[in-house]
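Peer 1: What follows is a single structure, and I will ask about it in a moment.
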Amino acid sequence: KQEVTQIPAALSVPEGENLVLNCSFTDSAIYNLQWFRQDPGKGLTSLLLIQSSQREQTSGRLNASLDKSSGRSTLYIAASQPGDSATYLCAVRLNNAGNMLTFGGGTRLMVKP
Amino acid sequence: EPEVTQTPSHQVTQMGQEVILRCVPISNHLYFYWYRQILGQKVEFLVSFYNNEISEKSEIFDDQFSVERPDGSNFTLKIRSTKLEDSAMYFCASRYGTEAFFGQGTRLTVV
């Protein structure tokens, strides 16, 4: 059974810092990996999607990398801002007919002004 | 930009009652999902729906739950005889290609 773990569970940084969020998964036979942002009490906003054949994806100040063989992904946030404060979730989709996402527990990020 | 919409945003119901959570997926999407997130826990898969039938369901999705796509636009989750432990945020998602898009969720509170 696929297990997804995110470290750290919580992170507090001063504004302007570059930071890395980590995601690991136990079954490397994934189809893709998606990073989401969740604001308190709100829905999930898709940030980046990496296909299993890709190594990284970039969107603005966000860069996500994928090392499928070692079961790891990182989300890099450059020049963090208070508006980046949220919970960041990673989710993997297995390479099988069961097309659902398996989520990690999230990293709760606080960026202090 | 197209989005997945869910109604209501918050539903309070008494234990034992039936609730229907509603979702309007993005119009050209083919795959539909329900997930839930109990407060402080991970987002969990409940069920996926494709071509007018359930394609996969988790062990959480027992006989208490059912899904329906009653017309060309709505996708509903029915929970019968609600229990306190059904209190959670319920998310609908839809997908055409590889990327899943989620709604804002319905917070269900069972009292």
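Peer 1: Checking A:Ala64 against (1) surrounded by fewer than 22 Cβ atoms within 10 Å (Cβ to Cβ); (2) within 21 Å of B:Phe101 (Cβ to Cβ); (3) of a type in the set (A, V, I, L, M), which test does it fail?
Peer 2: Failing condition for A:Ala64: (1).
Peer 1: Now for a different question. What number of residues within segment A:20-47 satisfy the criterion of being surrounded by fewer than 17 Cβ atoms within 10 Å (Cβ to Cβ), at pLDDT below 95 and not polar (S, T, N, Q)?
Peer 2: Selection size over segment A:20-47: 7.
Peer 1: Just to be sure, is A:Arg61 away from chain B (no Cβ under 11 Å) and charged (D, E, K, R)?
Peer 2: Values: away from chain B (no Cβ under 11 Å): yes; charged (D, E, K, R): yes.
Answer is yes for this residue.
Peer 1: Would you mention how many residues in segment A:19-38 are farther than 18 Å from B:Ala100 by Cβ and not polar (S, T, N, Q)? Before the answer, list the steps.
Peer 2: Residues of segment A:19-38 farther than 18 Å from B:Ala100 by Cβ: A:19-22, A:24, A:26-29.
Then keep just the ones that are not polar (S, T, N, Q); that gives A:19-21, A:27, A:29.
So the answer is 5.
Peer 1: Continuing with the same structure: Applying the selection to segment A:78-113, what residues are among the β-branched types (Val, Ile, Thr) and within 28 Å of A:Ala29 (Cβ to Cβ)?
Peer 2: Taking segment A:78-113 and keeping what is among the β-branched types (Val, Ile, Thr), we get A:87, A:92, A:102, A:107, A:111.
The answer is A:Thr87, A:Val92, A:Thr102, A:Thr107.
Peer 1: Could you please let me know if A:Gly16 is touching a residue at least 40 places away in the same chain (Cβ under 8 Å) and exposed (fewer than 13 other Cβ atoms within 10 Å of the Cβ)? If you could, list the steps in order and put the result at the bottom.
Peer 2: On the way: touching a residue at least 40 places away in the same chain (Cβ under 8 Å): yes; exposed (fewer than 13 other Cβ atoms within 10 Å of the Cβ): yes.
It is true that A:Gly16 is touching a residue at least 40 places away in the same chain (Cβ under 8 Å) and exposed (fewer than 13 other Cβ atoms within 10 Å of the Cβ).
Peer 1: Just name the residue that is surrounded by the fewest Cβ atoms within 10 Å (Cβ to Cβ) out of those in segment B:63-103 that are among the polar types (S, T, N, Q) and under 27 Å from A:Arg37 (Cα atoms). Can you show your working first?
Peer 2: Initial filter on segment B:63-103 (among the polar types (S, T, N, Q)): B:64, B:66, B:73-74, B:76, B:81-82, B:87, B:94, B:98.
This time we only want the ones that are under 27 Å from A:Arg37 (Cα atoms), so: B:73-74, B:76, B:87, B:94, B:98.
Working: B:Ser73: 10, B:Asn74: 13, B:Thr76: 15, B:Ser87: 18, B:Ser94: 24, B:Thr98: 13.
The residue in question is B:Ser73.
Peer 1: Moving on to the next point. When residues of segment A:90-101 are filtered for being facing chain B (nearest Cβ under 7 Å) and either in a loop (DSSP other than H, G, I, E, B) or modelled with pLDDT of 95 or more (or both), how many remain?
Peer 2: From segment A:90-101, those facing chain B (nearest Cβ under 7 Å) are A:98-101; that's our starting set.
Then keep just the ones that are either in a loop (DSSP other than H, G, I, E, B) or modelled with pLDDT of 95 or more (or both); that gives A:98-100.
Here the count works out to 3.
The values are calculated or read from the model by the stated rules, or taken from the named source; none is laboratory data. Just so it is clear, the model here is predicted, and its values are computed rather than measured. Please note: Cβ atoms are built from the backbone with ideal geometry, for glycine as well, and neighbour counts cover all protein chains shown.
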